[in-house]
Amino acid sequence: MTMKVLSVASEAAGLVKTGGLADVAGALPAALAAQGVELTTFVPGYPAVLAKLGKAKTLHTWDALLGTPARLLAGKLGDHPLLVLDATALFAREGGPYADASGRDWDDNWRRFAAFARAAADIAGGAVKGRSFDLVHAHDWQAGLVPAYLRFAPFPGGRDVPSVITIHNMAFQGYYPADIFPQLGLTPEAWTVDGVEAYGGVGFLKAGMQLADAITTVSPTYAGEIRSAQFGMGLEGVVLARSPRVHGILNGIDTAEWNPANDPHLAAGFTAGKLAARRKNKRAVEQAFGLDRSDGPLFVVISRMTWQKGMDVLAGVLDHLVGIGGRLALLGAGDAAIEQQFLAAAARHPGRIGVRIGYDEPAAHGLQGGGDAILIPSRFEPCGLTQLYGLAYACVPVVSRTGGLADTVIDANPAALAAGVATGIQMNAVSHDALTMAVSRAVDLYAQGPVWKRLQTNAMKADFSWGASGAAYAALYRQLIEEQA
Ligand code: ADP
């Protein structure tokens, strides 16, 4: 029998995207359809989402969803069912999904995403005629209250469905002062450390982790790391307490979106057998980023410009990178101080460092298809997708040994090179010295043409499509549904 799952996510590729969560939420429906699961995606109705939805059928209305009128619209995400929460007071505003145009978080984010979770719990409970679900899959803190509403304030007379929460990044927890609690519409018994209370406030992610029937995170290594204070960021106790219910399931990549053989954003498509075609893409990157034309090593970065991503450390290594013959094309946005460091480096090294501050999906594809190596010196990385795209596009990943980066890249150490299995370069720590050494190793390996080519072909052969991970989610759903029955 087809399992019906409601996937609750604050972004989904194709509609709205700020990072990896969108890629995963966007890819899950197809990944799970292949496993006999019908996944309906539920997202907030930001202006960009409503614009893409066009004319849509209203399935349900709320007079006061956490105090504000709202309606549920039906649409499609590709070939798969989509539900959108249209609530003018909460979502009809310019800026990003979580912050205004200047990057400042919206003051009422707690209300916006509590309402979103309340609506999800209603839908899962059967509020909408003709739409029933066997399980709810909540993503990140924005959907963290879904399990809390299911437990403490379910849709009256509704169906009791199990829930899963996936942590895409423990650094974002949705933590708010205690005085919002009375406005959430939960019963008083939710206000305990076994409920939504966290360190004296309301913890959205914590609530989800405490109350969902299972917790997943997006790589096996990160599932282990979040047991420690360094990576658990205050929630390691919850992870430990719920240990038997914590699973690490690696993200896959959407091979329809990311296929170097027929990617419309590339100047030239290529396969592992036709790597020479990448040269055209390299020329395109050089042109787009104002770099000198050269066959020397071209590093790329596609990243949020943040401390998590180790971008501050990378900024300090750029003179070395250029000094040993490298060039860099960087696409990213984030922390203004870090952006400035890269812009200053580009000014110091014209023709050798090109920086584009901004978010540009086609350019991200172009960089993966034309760069020789992608630099990802993250301090922590729950899964990471850019290294997976790098592997698929023969843009050799140079990564720190953490989270999903550790799980997906095989370091080009002598043993791995001898065995012919290496796919990239890992560094042990995110420090100036470690990154300096990693960049030097990349330049040395690049100079050894056939060795580099072997890294590229190994990388392209590594399979990070959704097959195995889709099966793992489906197995988990099935287990939870059977437990509930
Ligand atoms: P995170 O979700 O922590 O930002 P991931 O590696 O999991 O990191 O996912 C990042 C996603 O966002 C990838 O699809 C990457 O290509 C994309 N991305 C990041 N920065 C940019 C940018 N400036 N322009 C285009 N795409 C970007």
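The table below lists the values:
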{"quantity": "Among the residues listed as LEU367, LEU321, the single one being within 16 Å of the ligand (Cβ to nearest atom), over 18 Å from the mean Cα position of the chain (by Cα) and in a helix (DSSP H, G or I)", "calculated": "LEU367"}
{"quantity": "Pair list, Cβ < 6 Å and 6+ apart or interchain, from the stretch 165-178 residues that are within 16 Å of PRO147 (Cα to Cα) to residues that are hydrophobic (A, V, I, L, M, F, W, C) and modelled with pLDDT of 95 or more", "calculated": "ILE165/ALA138; ILE165/ALA212; ILE165/ILE215; GLN173/TRP141; GLN173/LEU205; GLY174/TRP141; GLY174/PHE204; GLY174/LEU205"}
{"quantity": "Subset of the stretch 221-230 [touching a helix residue (DSSP H, G or I) at 6+ places or on another chain (Cβ under 6 Å), under 24 Å from LEU28 (Cβ atoms) and open to solvent by 10 Å² or more (accessible area, probe 1.4 Å)]", "calculated": "THR221, GLU225"}
{"quantity": "Output for the stretch 417-435, where each listed residue is under 29 Å from the mean Cα position of the chain (by Cα) and open to solvent by less than 30 Å² (accessible area, probe 1.4 Å)", "calculated": "ALA422, THR423, GLY424, ILE425, GLN426, MET427, ALA434, LEU435"}
{"quantity": "Enumeration of residues in the stretch 110-133 that are charged (D, E, K, R) and farther than 10 Å from PHE155 by Cα", "calculated": "ARG111, ARG112, LYS129, ARG131"}
{"quantity": "Residue list for the stretch 339-352, filter: hydrophobic (A, V, I, L, M, F, W, C), open to solvent by 10 Å² or more (accessible area, probe 1.4 Å) and in contact with a strand residue (DSSP E or B) (Cβ under 8 Å, 6 or more places away or on another chain)", "calculated": "LEU343, ALA346"}
{"quantity": "Residue match in the stretch 222-234 (condition: within 14 Å of the ligand (Cβ to nearest atom), part of a helix (DSSP H, G or I), under 30 Å from GLU339 (Cβ atoms) and assigned by TED's automatic domain parsing to the domain that holds ASP372)", "calculated": "no"}
{"quantity": "Filtered residues of the stretch 124-169 (kept if among the hydroxyl-bearing types (Ser, Thr, Tyr) and in a loop (DSSP other than H, G, I, E, B))", "calculated": "SER132"}
{"quantity": "Selection within the stretch 371-385 - within 7 Å of the ligand (Cβ to nearest atom) and among the small types (Gly, Ala, Ser)", "calculated": "GLY384"}
{"quantity": "Test: residue in the stretch 414-429 that is in contact with a Gly (Cβ under 7 Å, 6 or more places away or on another chain) and in the same structural domain as VAL300 (by TED's automatic domain parsing)", "calculated": "no"}
{"quantity": "Restricting the stretch 45-63 to residues that are away from the ligand (no atom under 16 Å from the Cβ) and of a type in the set (Gly, Ala, Ser), the residue that is nearest to HIS168 (Cα to Cα)", "calculated": "GLY45"}
{"quantity": "The one condition in (1) within 16 Å of the ligand (Cβ to nearest atom); (2) touching a Lys or Arg at 6+ places or on another chain (Cβ under 7 Å); (3) open to solvent by less than 20 Å² (accessible area, probe 1.4 Å) that ARG327 fails to fulfil", "calculated": "(1)"}
{"quantity": "Residues that are more than 17 Å from MET233 (Cα to Cα) and part of a helix (DSSP H, G or I), drawn from the stretch 170-221", "calculated": "ALA178, ASP179, ILE180, PHE181, PRO182, GLN183, PRO188, GLU189, ALA190, LEU211, PRO220"}
{"quantity": "Which listed residue, of GLY420, GLY449, GLY404, is touching a residue at least 40 places away in the same chain (Cβ under 8 Å) and not aliphatic (A, V, I, L, M)", "calculated": "GLY404"}
{"quantity": "Some residue of the stretch 357-364 being open to solvent by 20 Å² or more (accessible area, probe 1.4 Å), of a type in the set (D, E, K, R), assigned to a helix (DSSP H, G or I) and within 13 Å of the ligand (Cβ to nearest atom)", "calculated": "yes"}
{"quantity": "Residues located in the stretch 386-401, provided they are more than 18 Å from the chain's Cα centre (by Cα) and within 12 Å of the ligand (Cβ to nearest atom)", "calculated": "TYR393, CYS395"}
{"quantity": "Test: PHE155 is aromatic (Phe, Trp, Tyr), within 16 Å of the ligand (Cβ to nearest atom) and open to solvent by 50 Å² or more (accessible area, probe 1.4 Å)", "calculated": "no"}
{"quantity": "Identity of the residue in the stretch 253-294, assigned to a loop (DSSP other than H, G, I, E, B) and without any contact (Cβ under 8 Å) to a residue 12 or more places away in the chain, that ends up surrounded by the most Cβ atoms within 10 Å (Cβ to Cβ)", "calculated": "GLY269"}
{"quantity": "Of residues in the stretch 1-44 being of a type in the set (Asp, Glu) and within 16 Å of the ligand (Cβ to nearest atom), the one surrounded by the fewest Cβ atoms within 10 Å (Cβ to Cβ)", "calculated": "ASP23"}
{"quantity": "Criterion: within 16 Å of CYS395 (Cβ to Cβ), out of contact with any Lys or Arg (no Cβ under 8 Å at 6 or more places or on another chain) and away from the ligand (no atom under 16 Å from the Cβ) - qualifying residue of ALA276, ALA345", "calculated": "ALA276"}
{"quantity": "Any hit, the stretch 402-414, residues being in a loop (DSSP other than H, G, I, E, B), more than 18 Å from THR221 (Cα to Cα) and within 21 Å of the chain's Cα centre (by Cα)", "calculated": "no"}
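The values are calculated or read from the model by the stated rules, or taken from the named source; none is laboratory data. Nothing here was measured: the structure is a model prediction, and the numbers come from that model. With ideal geometry, Cβ positions are generated from the backbone for all residues, glycine too; neighbour counts draw on all protein chains shown. Protein only, heavy atoms only, side chains kept; ligands, DNA and RNA dropped before computing areas. Shrake-Rupley method; radii C 1.70, N 1.55, O 1.52, S 1.80 Å.
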